[in-house]
Amino acid sequence: MRRPSEISLRSRLLWLTVLTVTVGLATGVVLLVGVLNFALLRSINNETLETAKGVAALVDQHQLTENLTVNPVMQAQVIDQQGAVVAASANADMLFPLLYEDELRGMKDGDVKQIPGSRIRLDGQARVVMKLAGPPTNPVRVLVARSTGDLNQGVRLLRITLLVAFPLLVAMLAVIMWRTLGAALRPVEALRAGAEEITGGTREGRLPVPESRDEVYRLAVTLNGMLHRLDAARARQRAFVADAAHELRSPLTNMRTELEVAQRLPDTDWPALSADLLTDVDRLSRLVDDLLLLARSDDGAPPGRPVAARMAEVDLGVLVAEVAARYTDISYDRPAAPITATVEPDAIGRAVANLLGNAERHARTTVRVEVVDEGGFARITVTDDGPGIPAADRERVFDRFTRLDDARARDAGGSGLGLAIVRELVRRHHGTVTLGDASPGLRVDIRLPAS
């Protein structure tokens, strides 16, 4: 026997629908039979009571005869205070009342009592109504009985009809629901088949989108958007790995070449060689640190400890002065008043250092940095008089391993990660990085929320 988890969604929905419909129809059938039976009984009671009122009117008008004329399906009697039958219909007993004395005792005007119909030669059960008539000093009782056999027969026929029609109706609804659910779930099956083809590599990374603008359509559009983002992420990852491998290979190749040459030369200048090797090791170390920082940012985690644990209110003028002091020929005028911001000092210091390093490599003569209070924001601006960056490329240069002049950037020691790291570090501080013209040269603005 298959477990519930192995049954198809279509089958589960069908069984749930059939069960719900069956319970609903069964409840409706029970209510229908109950209401119909109540309505017919009430109709019989009213009919019997009206007949009793007619006989009582004859008594009140002194027009009563021994033979009462009533509907053939009814029996009528008029009995006096002693229980003797004064008048009766042709099909009623002239000697014995329709109700026993103990049954009559306690009955009020208009009350109805049910007795076995066989006792008075009627089919099924009989409903007997009692109506008072005559003067208050010497009243008589009018009894009118009617069989409920025709009522029971009608209700029984309805039950048999429903018992026969009920399973057929449920079966017909099950067939209709099976086909309806199949049509409704066909787009879902198409999505599943498309996903399987994508997994097997026999289909491009797009799922079929149904024509109907329903929930399945929105699901397909959402899944296609997710697949597009996954494809883009995989492409970026492949490019990142390829570029990282290329960047790591260059200093490693230089180191290997220098060591192989040193092995073959008896008079190798080992101090000079070690200095060259240390330069390549530094370059490798910086590159690995940059790759680690960006990899952690891709995972949504900051490098090292959380940024919030290292945030502090910093005078940006002092921070930029400390970074600028590491470089030669950097023009910097420290602002007269403190310009503070709540930042991670190491992160912002590294961002400024990356910008100053880029500017120093590409400047012809001058690199300038300034810190300005813009009212709610602190702006750090680095400008150089180098060749600048065309407007069409100013967004692309923030991508990893992007170089507008690969040979020149590699010779200068750049890896194409500097601006990407700057944007990531500034973004964590809810700031922005923009590029502009310095006429001539390049202008880079970092804006941070001031404290």
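The values are calculated or read from the model by the stated rules, or taken from the named source; none is laboratory data. Nothing here was measured: the structure is a model prediction, and the numbers come from that model. Note that each Cβ is placed from the backbone with ideal geometry, even for glycine, and that neighbours are counted across all protein chains shown.
Pick from THR22, THR51, THR69, THR65: which is among the β-branched types (Val, Ile, Thr) and within 30 Å of ALA183 (Cβ to Cβ)?
Numbers: THR51 fails: within 30 Å of ALA183 (Cβ to Cβ); THR69 fails: within 30 Å of ALA183 (Cβ to Cβ); THR65 fails: within 30 Å of ALA183 (Cβ to Cβ).
Just a single option satisfies the conditions, and that option is THR22.
Identify, by number, the condition in (1) within 21 Å of LEU293 (Cβ to Cβ); (2) surrounded by fewer than 22 Cβ atoms within 10 Å (Cβ to Cβ) that VAL343 doesn't meet.
So the condition that VAL343 fails would be (2).
Residue by residue through the range 180-194, note down the ones that are out of contact with any helix residue (DSSP H, G or I) (no Cβ under 9 Å at 6 or more places or on another chain) and of a type in the set (A, V, I, L, M).
Result: ALA183, ALA193.
On the given criteria, is VAL241 under 56 Å from the mean Cα position of the chain (by Cα) and either assigned to a helix (DSSP H, G or I) or not aliphatic (A, V, I, L, M) (or both)?
Details: under 56 Å from the mean Cα position of the chain (by Cα): yes; either assigned to a helix (DSSP H, G or I) or not aliphatic (A, V, I, L, M) (or both): yes.
Criteria met by VAL241.
All but one of (1) surrounded by 20 or more Cβ atoms within 10 Å (Cβ to Cβ); (2) charged (D, E, K, R); (3) in contact with a Gly (Cβ under 7 Å, 6 or more places away or on another chain) hold for ASP123, so report the exception by its number.
Looking at each condition in turn, ASP123 falls short on (1).
Could you tell me whether PRO139 is out of contact with any Gly (no Cβ under 6 Å at 6 or more places or on another chain), assigned by TED's automatic domain parsing to the domain that holds LEU64 and exposed (fewer than 12 other Cβ atoms within 10 Å of the Cβ)? Step through it out loud before you land on a result.
Values: out of contact with any Gly (no Cβ under 6 Å at 6 or more places or on another chain): yes; assigned by TED's automatic domain parsing to the domain that holds LEU64: yes; exposed (fewer than 12 other Cβ atoms within 10 Å of the Cβ): no.
So PRO139 does not fit the description; no.
For the range 55-71, indicate whether the set of residues that are touching a residue at least 12 places away in the same chain (Cβ under 8 Å), aliphatic (A, V, I, L, M), assigned to a helix (DSSP H, G or I) and touching a helix residue (DSSP H, G or I) at 6+ places or on another chain (Cβ under 9 Å) is non-empty.
No; the residues of the range 55-71 include none that is touching a residue at least 12 places away in the same chain (Cβ under 8 Å), aliphatic (A, V, I, L, M), assigned to a helix (DSSP H, G or I) and touching a helix residue (DSSP H, G or I) at 6+ places or on another chain (Cβ under 9 Å).
So LYS131 clears everything in (1) in contact with a Lys or Arg (Cβ under 7 Å, 6 or more places away or on another chain); (2) in a helix (DSSP H, G or I); (3) under 30 Å from GLU103 (Cα atoms) except one condition, right? Which one?
LYS131 satisfies every listed condition except (2).
Can you go through ARG203, ARG218 and tell me which one is at pLDDT 80 or above and basic (Lys, Arg)?
Details: ARG203 fails: at pLDDT 80 or above.
Criteria check complete, one pass: ARG218.
Pairs please, first residue from the range 146-160 and under 17 Å from VAL112 (Cβ atoms), second anywhere and basic (Lys, Arg), Cβ atoms under 7 Å, 6+ apart in sequence or on different chains.
Matching pairs, first to second residue: ARG146/ARG127; THR148/ARG127.
Can you find, within the range 431-451, the residue that is farthest from ASP385 (Cα to Cα) among those that are small (Gly, Ala, Ser) and not in a strand (DSSP E or B)? Spell out how you get there, then give the answer.
Our first condition is that a residue be small (Gly, Ala, Ser); within the range 431-451, this holds for 431, 436, 438-439, 441, 450-451.
In the following step, the residues that additionally are not in a strand (DSSP E or B) were identified as 431, 438-439, 441, 450-451.
Working: GLY431: 25, ALA438: 7, SER439: 8, GLY441: 4, ALA450: 29, SER451: 32 Å.
The selected residue is SER451.
Please work out which residue is modelled with the lowest pLDDT, limiting yourself to the range 1-47 and to residues that are among the hydroxyl-bearing types (Ser, Thr, Tyr) and in a helix (DSSP H, G or I). If you could, list the steps in order and put the result at the bottom.
Step one: of the range 1-47, the residues among the hydroxyl-bearing types (Ser, Thr, Tyr) are 5, 8, 11, 17, 20, 22, 27, 43.
Those still in the list that are in a helix (DSSP H, G or I) too: 5, 11, 17, 20, 22, 27, 43.
Working: SER5: 54, SER11: 85, THR17: 87, THR20: 90, THR22: 88, THR27: 91, SER43: 88.
By that ranking, first place goes to SER5.
Restricting to the range 375-406, what's the tally of residues that are modelled with pLDDT of 90 or more and under 45 Å from the mean Cα position of the chain (by Cα)?
Of the residues in the range 375-406, 4 are modelled with pLDDT of 90 or more and under 45 Å from the mean Cα position of the chain (by Cα).
How many residues, within the range 72-105, are part of a loop (DSSP other than H, G, I, E, B) and among the charged types (D, E, K, R)? Walk me through it before giving the result.
Initial filter on the range 72-105 (part of a loop (DSSP other than H, G, I, E, B)): 72-73, 80-84, 90-100, 105.
When the remaining residues are screened for being among the charged types (D, E, K, R), the result is 80, 93, 105.
Count: 3.
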